[in-house]
Amino acid sequence: MGKLTRSQVVEAALWFAIVAIFYAFSFGFDRPIEIYKFGATGWPRVVLFLLLLAAIGNLAYTWRHGSAAQKGRVGIADDVPATTVRSPRQLLRMGGVLATPFAFALLLKPVGFYFASPFFIAAIILLFGERRIKYILVITGFIYLLLLGLFVVLLNAPLPQGNVSPFYDYSAFILTLNSKLQQMW
């Protein structure tokens, strides 16, 4: 079995079982949707497929290389002290990283996904320590366009639009652009 341990095989089996169980449950709500040609199970099955690919990739990598610490891997160091003292600034930053998704989730109903997402992405990038404005804007724009392309254009998934006037109008503008783009094809 290569360099796999029993716990790694059990972990892979659990991931495969999760994918299989959720895939089996997806037949319970497999109904056609008028505005989405892949039906109600389209995007959940895409997510399950990606989870399956990740589990297979993790299993193959571990089988080839094992789980020993490798030189040059991010986040792995041989000389980690037993206790690490964190400064209040580090703790505040970590709390911000943990609290930002909750704030984003709370803002989804009034503000909507389309308006809040770029601010959420930029906030996370800032909290992770990037300070160069040019990079923040480029990365935020790329991730935002990638999310819009995936959820709006490709999956045609309904996302929260917000219910407060200027934010709702922005969401309507994005959806109008999407419908015009869909009509061009």
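The values are calculated or read from the model by the stated rules, or taken from the named source; none is laboratory data. Source: prediction; values computed, not measured. Positions of Cβ are generated from backbone atoms using ideal geometry, with glycine treated the same way; all protein chains shown enter the neighbour counts. For accessibility, only protein heavy atoms count, side chains too; no ligands or nucleic acids. Shrake-Rupley method; radii C 1.70, N 1.55, O 1.52, S 1.80 Å.
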| query | Heavy-atom accessible area of E130 with all protein chains present, probe 1.4 Å, nearest 10 Å²? | reply | 40 Å²
| field | Loop-located chymotrypsin sites (Phe, Trp or Tyr not before Pro) in the stretch 107-168 whose Cβ has at most 15 other Cβ within 10 Å (DSSP) | value | F128
| request: Would you mind telling me which residue in G149, G96, G129 has the biggest mean-square fluctuation in a Gaussian network model of the chain, where springs connect alpha carbons within a distance under 10 angstrom? | output: G129
| query | Using the eigenvalues of the Cα gyration tensor, what equivalent ellipsoid semi-axes result for the chain when each is taken as the square root of five times the eigenvalue, whole Å, largest first? | reply | 35, 28, 15
| What accessible area, in Å² to the nearest ten, does a 1.4 Å probe give for V9? | 50 Å²
| said: Using protein chains only and a probe of 1.4 angstrom, how many square angstrom of W43 are accessible, to the nearest 10? | reply: 120 Å²
| Residue among A40, A13, A157 with the largest mean-square fluctuation in a Gaussian network model of the chain, springs linking Cα atoms under 10 Å | A13
| field | Summed side-chain charge close to W43 - residues other than W43 whose Cβ falls under 15 Å, Lys, Arg +1, Asp, Glu -1 | value | +2
| GNM, the chain, Cα, under 10 Å: largest mean-square fluctuation among R45, R31, R132? | R132
| query | Using alpha-carbon pairs under 8 Å, 6+ residues apart, how would you state the relative contact order of the stretch 114-185 in percent? | reply | 34 percent
| Based solely on its DSSP helices, what 222 nm [θ] is calculated for the chain when runs of n ≥ 4 H residues each add -39,500 (n - 2.57) and the sum is averaged over all residues, nearest 500 deg cm²/dmol? | -22000 deg cm²/dmol
| request: Just the number, please: carbon plus sulfur as a percent of the accessible area of the chain, 1.4 Å probe, no ligands or DNA/RNA counted. | output: 71 percent
